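Working notes, beginning with the structure itself.
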């Protein structure tokens, strides 16, 4: 039986690279994105199912996603959609922080909860997080909204791992690395394909015993 993966934010960057990876591996890919048309043209060729116009911060959009997937088993849910902004101490834009919390932390929890009915025993959830959400690893400060939102995502993911373990569902928090994507003005150290391959390997290795961990796509265990 063909395995099925759902990826949010799947029309570009790491999300699109993950869609390519799983498509090449023979998985059925459900690509979810906010934009349609030209922005999702390549994804439309890869995905078995393309669900456009989903803003994962909007309850009504997530409810539509849930309706469209009634009865569809998901073997893997990858919460990938994210936003990076910067804030300067003394001039902090709290609306910016709030927006990052909505997209980076609340949305993955919202989507996971909405799709619990599609996740059976043996399914996995991967939250694409960042080592910038590590409090122990923070030695450069700044990035208040991004750091806080990813730290919150890590906390949500850990709780999901505990709560979903009795259902046989494993959860991981995975940092993709410093990837050459639009989010960082293409100034990263690795390309999206390398990041996707590492993420997929970490997901493949994930078990109920290791559920709840926080890893770099390279396999390095990251500090909380």
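The numbers here are math on the coordinates, done by the rules we state, and not lab data. From a predicted model like this one, the values you see are computed outputs, not experimental measurements. Neighbour counts run over all protein chains shown; Cβ positions are idealised from the backbone, glycine included.
Measuring r between the beta carbons of residue 193 and residue 86 and using R0 = 30 Å, the FRET efficiency lands at 0.65. Each label was represented as a point 7 Å from its Cα along the Cα-to-Cβ direction; for residue 135 and residue 58 these points are 3.5 nm apart. The stretch between residue 159 and residue 220 holds 19.8 nm of extra length on full extension. This uses 0.36 nm per residue minus the Cα-Cα distance.
DSSP beta bridges fully contained in the chain are about 5 percent antiparallel.
Here the stretch 4-216 is treated as an ellipsoid with the same Cα gyration tensor; its semi-axes, largest first and in whole Å, are 25, 20, 18. Computed on the Cα trace of the stretch 1-46, the radius of gyration divided by the Kirkwood hydrodynamic radius gives Rg/Rh = 0.95.
Here the contact order of the stretch 1-65, divided by its residue count and restricted to Cα pairs under 8 Å and six or more residues apart, works out to 29 percent. Quick one: helix 144-164 against the long Cα principal axis of the chain, what's the angle to the nearest 10°, folded into 0 to 90? Around 40 degrees separate the two axes. For the stretch 71-137 and the stretch 12-61, what is the centre-to-centre distance using only Cα atoms, to the nearest Å? After rounding, the separation between the Cα centres reads 16 Å. By definition, a body whose alpha carbon gyration tensor gives a ≥ b ≥ c is prolate when a/c is 1.5 or more and a/b is larger than b/c, and the stretch 21-90 fits this prolate description. Estimated purely from DSSP H runs of n ≥ 4, each contributing -39500 (n - 2.57), the mean residue ellipticity at 222 nm for the chain is -11000 deg cm²/dmol once divided by its residues. Relative to the longest principal axis of the C-alpha atoms of the chain, give the angle of the C-alpha long axis of helix 192-205, reported between 0 and 90° and rounded to the nearest 10°. Between the helix axis and the principal axis of the chain, the angle is about 70 degrees. Helix 59-68 and the long axis of the chain differ in direction by around 20°, with both axes built from C-alpha atoms.
Give the relative contact order (percent, whole number) for the stretch 45-174; include only Cα pairs under 8 Å separated by 6+ residues.
29
Full extension of the chain segment joining residue 205 with residue 72 gains 45.5 nm, where the gain is 0.36 nm per residue of separation less the Cα-Cα distance.
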